[in-house]
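**Q** Here it is, the structure, as structure tokens.
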Amino acid sequence: DKPKIYGSKEITGWTWHSGNIYKAQIGSDINQLFLDGERIQLARFKKSGYNNITKVNGTTQFVSTELSSGIDYTGAKVIVRTNAWGIATKTVTSSSGQTLTLNSATQYGLKVGYGFIINNKLEFLTSAGEYYYDTSTNTVYLWTPKGDSPANYEVRGSVTSNLIAINNKNYITVENIELTHSSGIAVKTDYCNYLTFDKLDIINPDSKG
């Protein structure tokens with residue numbers, strides 16, 4: 001087997017939270033979770049497809065009648081379509097009913113009828129095979145596909161980007177290595193010449209290979 005460079009660390013010490021949900025603390029922020037090597041879905045609303053913006057109140061505020069008015073969405077992440085070719089990720093700084101206020105304006109503006117996904121709230125963790133990560137307490141909440149304890153599996157969270165980083169170097173060969181679970185970019189190079197990458201396995205980087 002090829003040597004493996006992991007961008008993830010194993011998460012242990014699972015305890016029961018409620019229902020089928022278990023929790024464990026990890027000392028680093030994570031942006032991907034893997035269960036026995038399979039990537040787990042971050043809990044979101046809707047579970048598939050997009051919610052729609054039904055009213056725009058300003059550059060940082062919009063209304064969606066598809067949202068539940070009984071949830072405080074503060075701290076959630078909104079991934080919103082802003083034009084035909086782009087999306088933006090913003091943080092909800094406050095909410096009132098079905099109205100969300102974002103931390104900053106998007107480059108191309110908010111538009112009625114454009115879709116968005118909202119995640120990063122424990123309230124969205126309602127189905128098997130999902131997880132939520134609380135950045136304030138470094139706690140991972142997980143509902144395994146079978147509803148059993150995560151202690152029965154190898155659970156890993158992505159914590160490291162740039163698994164190989166080469167800057168201002170020439171004539172380097174990297175070969176026969178597996179680069180897995182990067183939290184960002186698996187191989188990052190800047191201002192280099194005559195680099196050779198051969199027979200690399202790049203698995204589940206969050207951003208780029």
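**Q** List the relative contact order of region 59-159 as a percent without decimals, with contacts defined as Cα pairs under 8 Å and 6+ residues apart.
**A** Across region 59-159, relative contact order equals 23 percent.
**Q** Tell me, what ³J(HN,Hα) does each residue in region 76-87 have, in order and in whole Hz, if you take phi through Karplus 6.51 cos²θ - 1.76 cosθ + 1.60 with θ = phi - 60° and put x for Gly and Pro?
**A** Each residue's phi maps through the Karplus curve to give 5, 9, 10, 9, 10, 6, 10, 6, 5, 10, x, 10 Hz.
**Q** So what's Rg/Rh here for region 83-145, counting alpha carbon atoms and using the Kirkwood radius for Rh?
**A** With Rg and the Kirkwood Rh in hand, the quotient comes to 1.02.
**Q** Kindly write out, for region 18-29 in residue order, the coupling ³J(HN,Hα) from the Karplus curve 6.51 cos²θ - 1.76 cosθ + 1.60 (θ = phi - 60°), rounded to whole Hz, with x marking Gly and Pro.
**A** Karplus values, whole Hz, x for Gly and Pro: 6, x, 9, 9, 10, 9, 7, 9, 9, x, 9, 5.
**Q** Mind ranking 120-133, 7-20 by how tightly packed they are, going by the mean number of other C-beta atoms within 10 angstrom, highest first?
**A** Order by mean packing, descending: 120-133, 7-20.
**Q** Could you tell me how far the Cα centroid of region 89-106 sits from the Cα centroid of region 138-200, in Å?
**A** Region 138-200 and region 89-106 have Cα centres spaced 32 Å from each other.
**Q** Once the convex hull of the alpha carbons of region 88-209 is built, what does its volume come to per residue, in cubic angstrom?
**A** So the per-residue Cα hull volume is 194 Å³.
**Q** Just to check, using Stokes-Einstein with a Kirkwood Rh over alpha carbon pairs, what's the diffusion coefficient of region 148-187 at 25 °C and 0.890 mPa s in µm²/s?
**A** 194 µm²/s
**Q** Based on Cα coordinates alone, diagonalise the gyration tensor for region 1-152, multiply each eigenvalue by 5, take square roots, and list the semi-axes in whole Å, largest first.
**A** Its equivalent ellipsoid spans semi-axes of 31, 18, 14 Å.
**Q** Enumerate the calculated ³J(HN,Hα) couplings along region 56-62 in order (Karplus 6.51 cos²θ - 1.76 cosθ + 1.60, θ = phi - 60°), each rounded to whole Hz, writing x wherever the residue is Gly or Pro.
**A** Residue by residue, region 56-62 yields 10, 9, x, 5, 10, 9, 8 Hz.
**Q** For each pair in Lys9/Lys47; Lys55/Lys188; Lys121/Lys208; Lys46/Lys199, compute the distance between the two Cα atoms and list the pairs where it is over 32 Å.
**A** Lys55/Lys188; Lys46/Lys199
All of the numbers you see were taken from the coordinates with simple rules; none came from a lab. Small disclaimer: the values here were computed from a predicted structure and weren't measured. Please note: Cβ atoms are built from the backbone with ideal geometry, for glycine as well, and neighbour counts cover all protein chains shown.
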